[in-house]
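The values are calculated or read from the model by the stated rules, or taken from the named source; none is laboratory data. All figures in this text were calculated on a predicted structure; none of them were measured in a lab. Cβ: placed from backbone, ideal geometry, glycine included. Neighbour counts: every protein chain shown. The protein model used for the area step is the full one, side chains on, heavy atoms only, and it has no ligands, DNA or RNA in it. Shrake-Rupley method; radii C 1.70, N 1.55, O 1.52, S 1.80 Å.
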Amino acid sequence: MVEELKEQFDMPFQPVSALLIYRQNNSHHNANCFVEHYDIDLDGRPVNAHPLTVQESSQFIKALHIADSGGKKGNLPCSVIPSNVLYMDNGQKGSIVWYTRKMNIPLFFTDSLGIQSGIGSVPALLWKVEGKKLKVYALTADKRPNAQSKLYKAPFFNVAHDGTVCLGTVNTGTKHISSLEDFMSCWQDFFFNSRFSHLLSSPVKGNCIQLWKSLVGTGKPFPKEVLQPAQLSLHDIINR
């Protein structure tokens with residue numbers, strides 16, 4: 001799966017066209033607009049300026065179209081990078097960093113932990129996939145992080161002190177990937193759909209088992225004050 005996505009994004013992207021939008025500023029409502037279309041030559045320069053035609057508009061809309069087939073939501077094409085992607089590296093291993101907002105999500109635990117599986121509140125998270133390795137961290141702010149944003153240990157079982165996730169016997173190579181959204185969604189599913197089973201570090205202040213017993217099935221928001229600093233920033237993660 002990783003190799004499949006990497007092969008797609010290792011292919012270089014070349015600019016082929018550009019749109020320049022003009023708007024009359026004499027009215028804030030129903031302002032008239034004019035769209036000018038440029039072709040891009042082999043040297044990357046805009047040429048052949050002309051009004052955007054109906055045919056070109058249709059092609060542009062089709063390129064960004066999100067398919068809806070058989071009642072299932074489609075996927076954005078690979079040329080559109082989701083807004084929650086923070087960093088991509090198309091090097092030998094290939095890596096991607098993204099974040100997710102706080103959410104309520106089904107969580108699964110082994111019987112030995114004594115925690116009932118169910119819906120629980122999780123904080124905003126930062127994800128990094130490099131090759132076949134997944135790392136997860138927590139964020140205190142429920143918004144897009146910047147390079148200086150401090151990271152916290154992911155408050156989950158199966159996560160080592162450095163954020164590396166123990167995926168056990170999860171097969172990370174069985175799904176067909178057609179977009180970045182597919183790719184990120186698959187890794188999130190690998191993490192949340194596997195059963196949490198054991199502690200690899202001290203991920204929270206206090207007792208992790210009692211924390212999740214108090215959260216799963218109760219509707220309570222995740223208490224950010226229990227998060228442990230990871231002594232890392234987003235900048236550190238990107239440059240490691």
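Residue by residue, the range 104-112 carries 3J(HN,Hα) couplings of 9, 8, x, 10, 10, 10, 6, 4, 5 Hz when phi is fed to the Karplus relation 6.51 cos²θ - 1.76 cosθ + 1.60 (θ = phi - 60°); x denotes Gly or Pro. Counting only protein chain heavy atoms and rolling a 1.4 Å probe, the accessible areas of 213, 62, 143 rank, largest first, as 62, 143, 213. With a 1.4 Å probe rolled over the protein heavy atoms of all chains, the accessible area of 83, 179 falls in the order 83, 179, largest first. Please list the non-local residues whose amide H lies under 5 Å from the amide H of residue 133, H modeled 1.01 Å from N, same-chain partners needing a gap of 5 or more. Close amide H contacts, sequence-distant or interchain: none at all. Length gained on full extension, residue 144 to residue 88, computed as 0.36 nm times the residue gap minus the Cα-Cα distance: 18.6 nm. Estimated from the Cβ-Cβ distance and a Förster radius of 25 angstrom, the FRET efficiency linking residue 19 and residue 81 is about 0.90. Among 81, 115, 209, the order of accessible area from largest down is 81, 209, 115, computed with a 1.4 Å probe on protein heavy atoms. Residue by residue, the range 44-60 carries 3J(HN,Hα) couplings of x, 9, x, 9, 6, 5, 7, x, 5, 8, 4, 5, 5, 4, 5, 5, 5 Hz when phi is fed to the Karplus relation 6.51 cos²θ - 1.76 cosθ + 1.60 (θ = phi - 60°); x denotes Gly or Pro. Shape class of the range 191-240 from the Cα gyration tensor (axes a ≥ b ≥ c, square roots of the eigenvalues): prolate, since a/c reaches 1.5 or more and a/b is larger than b/c. Legend: distances between Cα atoms for 132/224; 150/205; 153/220; 133/220; pairs beyond 24 Å are 132/224; 133/220. Note on residue 22: accessible area is roughly 100 Å² with a 1.4 Å probe, heavy atoms of protein only.
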